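The next block holds one structure in the form of structure tokens; read it before the comments.
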Amino acid sequence: FLLAQGVKVTVLEKDADQIEQLRKFGFKGYYGDAARLDILQSAGLQDAKIFIVAVDDEASCTEIAKLVKQEFPHITIFARARNRRHAYELHKLGVGYFKREVFDSALNMAKDIMVYLGKDEEDMQAKATLFKKHDFSTLKKSFAFFDDEEKLIVFARQRRKELEDILQQDLNPDKSN
């Protein structure tokens with residue numbers, strides 16, 4: 001997608017076979033561990049505007065983001081977070097953009113299930129969008145006290161109830177807010 005939009009992309013990959021495949025399809029790629037400063041420098045990261053971390057392992061992702069943040073503070077990092085906790089860890093490092101990898105697929109499946117059960121597709125898409133916005137807002141607000149489990153639980157319960165009320169308004173038209 002990025003290439004089709006005219007964005008130059010360089011891929012760093014620890015799997016030599018994967019690099020060979022990428023090159024066959026026209027990607028610029030380097031074999032190496034993105035957790036190593038010398039590899040990042042060899043790939044030209046000092047001239048980059050954006051760095052994308054999309055590794056499977058949470059610890060590796062966090063380690064790479066930390067290194068890039070320390071050594072190349074001018075670069076905006078986009079990272080794939082595993083879950084809420086990992087998103088928080090990335091946020092603490094100063095990563096401004098993260099995407100929770102499991103969240104979108106789970107939400108899309110839930111929407112598809114509701115459509116399968118007979119609900120209107122447009123309505124379910126609108127509710128899924130509302131749910132996503134509310135969840136992201138909740139996540140960002142929770143970062144202020146994420147390490148305080150008691151506060152986090154109370155906050156999460158309050159926000160979940162608020163979201164349920166919002167999403168059920170059409171089920172209970174007499175209920176006013």
Backbone HN-Hα couplings from phi across segment 46-59 [Karplus 6.51/-1.76/1.60, Hz, Gly and Pro as x]: 4, 9, 7, 9, 10, 10, 10, 10, 9, 9, 6, 7, 4, 4
Pop out the ³J(HN,Hα) list for segment 72-87 in order, Karplus 6.51 cos²θ - 1.76 cosθ + 1.60 with θ = phi - 60°, rounded to Hz; leave Gly and Pro as x. 9, x, 7, 8, 7, 9, 10, 10, 8, 8, 6, 7, 4, 4, 5, 4
Note down, for the chain, the three equivalent ellipsoid semi-axes (square root of 5 times each alpha carbon gyration tensor eigenvalue), biggest first, whole angstrom. 38, 22, 13
With every atom except the alpha carbons ignored, what do you get for Rg and Dmax of segment 1-100, in angstroms? 13.3, 38
Test of understanding: express the Cα radius of gyration of segment 96-175 as a ratio to 2.2 N^0.38 Å, with N the residue count. 1.24
Amide H of Phe78: which non-local residues (sequence gap of 5 or more, or other chain) have their own amide H closer than 5 Å, using H built in the peptide plane? Phe51, Ile52, Val53
For Ser42, Ser60, write out the residues from largest to smallest accessible area, computed with a 1.4 angstrom probe and no ligands counted. Ser42, Ser60
Tell me, what is the per residue accessible area of the chain in Å², probe radius 1.4 Å? 68 Å²
Treating only the Cα positions of segment 52-121 as identical point scatterers, give the base-10 log of I(q)/I(0) from the Debye formula at each q in 0.16, 0.22, 0.24, 0.27 Å⁻¹. -0.57, -0.83, -0.94, -1.12
What ³J(HN,Hα) values, in whole Hz, does the Karplus curve 6.51 cos²θ - 1.76 cosθ + 1.60 give for segment 111-120 when θ = phi - 60°, with x put for Gly and Pro? 4, 4, 5, 5, 5, 4, 7, x, 6, 5
Taking only the C-alpha atoms, wrap a convex hull around segment 37-78 and report its volume per residue in Å³ as a whole number. 62 Å³
So who's got an amide H within less than 5 Å of the one on Tyr30, skipping anything under 5 residues away but keeping other chains? H placed 1.01 Å off N, in plane. Val11, Leu12, Glu13
Placing +1 at every Lys and Arg Cβ and -1 at every Asp and Glu Cβ, with all other atoms neutral, what dipole size does the chain have around its Cα centre, in debye to the nearest 20? 440 debye
Output the peptides 80-93, 7-20 sorted from most to least packed, where packing is the average of other Cβ atoms within 10 Å over each peptide's residues. 80-93, 7-20
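The values are calculated or read from the model by the stated rules, or taken from the named source; none is laboratory data. As the structure is a computational prediction, the values presented were derived from the model and not from experiment. Don't worry about glycine lacking a Cβ; one is built from the backbone with ideal geometry, like all the others, and counts go over all protein chains shown. The protein model used for the area step is the full one, side chains on, heavy atoms only, and it has no ligands, DNA or RNA in it. Shrake-Rupley method; radii C 1.70, N 1.55, O 1.52, S 1.80 Å.
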